[in-house]
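The values are calculated or read from the model by the stated rules, or taken from the named source; none is laboratory data. All values derive from a computational prediction rather than experimental measurement. Here the Cβ positions follow ideal geometry from the backbone for every residue, glycine too, while neighbour counts run over all protein chains shown.
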Amino acid sequence: MGTLVCRIELDKHKGITVTVENEDGGITQTISMDGTSIVTTCKGDEETSTITQKQDSIAIKCKTFTLDAEEITCHSTKNTTHKSDEKYDVKSTKDMTLTTDAALKVKASKKAELSAQSVDIKADNKASFSGMDVVAEAKQKAEMKGLMLNLSGKTKAEMKGLAVKVAADAALDLEGQLTTLKGSIVNVQGSMVKIG
């Protein structure tokens, strides 16, 4: 790096401007204080970064912003917005917690995925799953339990399996406008069997 050109300009109306010029690197650094704001600028041949500080705000504009610290705390008394015009990643090498004292809404315009070694979804009151088509699939065992279980289809309901068992500890009712029991062998057993 060659010789730097340094200037300090004092003006009763414009304030103070400190300038450092690096002609070999094509970089000009300035700090301007005009009584209203402090503007720090680093201008190169291709990019320019600025920090503007006013009495009620600080604005940082640059191509790449990096914050590296042992601990980081961000707090706002009002709204907070994080936005990316392209890809947005949030990562943690250890546990991560997302908590709100009010409602939580997660929405994706396209596909949404949730994957983990184990997933628990709980609701203190009502839990609802809805979609044009809903598929619940287990590679081994699938269970559905409840104090009261209601399975219904507005047009048709089917249950299929290599072997299907329907059992009740008390009463079992099979009822329909037209009911058919069909098989190559049909076995009806009971201490008392009443048909008709």
Using beta carbons and a limit of 9 Å, which pairs, at least six apart or on different chains, have the first residue in the range 81-93 and within 15 Å of T64 (Cα to Cα) and the second one surrounded by 10 or more Cβ atoms within 10 Å (Cβ to Cβ)?
none
Within the range 1-33, tally of residues that are touching a strand residue (DSSP E or B) at 6+ places or on another chain (Cβ under 8 Å) and under 18 Å from T48 (Cβ atoms):
13
Does at least one position in the range 138-160 carry a residue that is touching a Leu at 6+ places or on another chain (Cβ under 8 Å) and surrounded by fewer than 10 Cβ atoms within 10 Å (Cβ to Cβ)?
yes
Looking only at the range 70-93, decide whether some residue is closer than 30 Å to I16 by Cβ and out of contact with any strand residue (DSSP E or B) (no Cβ under 6 Å at 6 or more places or on another chain).
no
Among the residues of the range 2-53, which ones are loosely packed, with under 15 Cβ neighbours inside 10 Å and at positive phi?
G26, G35
Out of all the residues in the range 110-127, is one or more surrounded by 10 or more Cβ atoms within 10 Å (Cβ to Cβ) and either in contact (Cβ under 8 Å) with a residue 60 or more places away in the chain or more than 20 Å from the chain's Cα centre (by Cα) (or both)?
no
Checked pairs for the range 17-35, first at pLDDT 95 or above, second assigned to a loop (DSSP other than H, G, I, E, B) and acidic (D, E), C-beta under 9 Å and 6 or more apart or across chains, list as T17/D34; I27/D45
Scanning the range 38-67 residue by residue, those assigned to a loop (DSSP other than H, G, I, E, B) and within 27 Å of E23 (Cα to Cα) turn out to be G44, D45, E46, E47, C62, K63, T64, F65, T66
Right, D34: of a type outside the set (F, W, Y) and under 19 Å from I60 (Cα atoms) or not?
yes
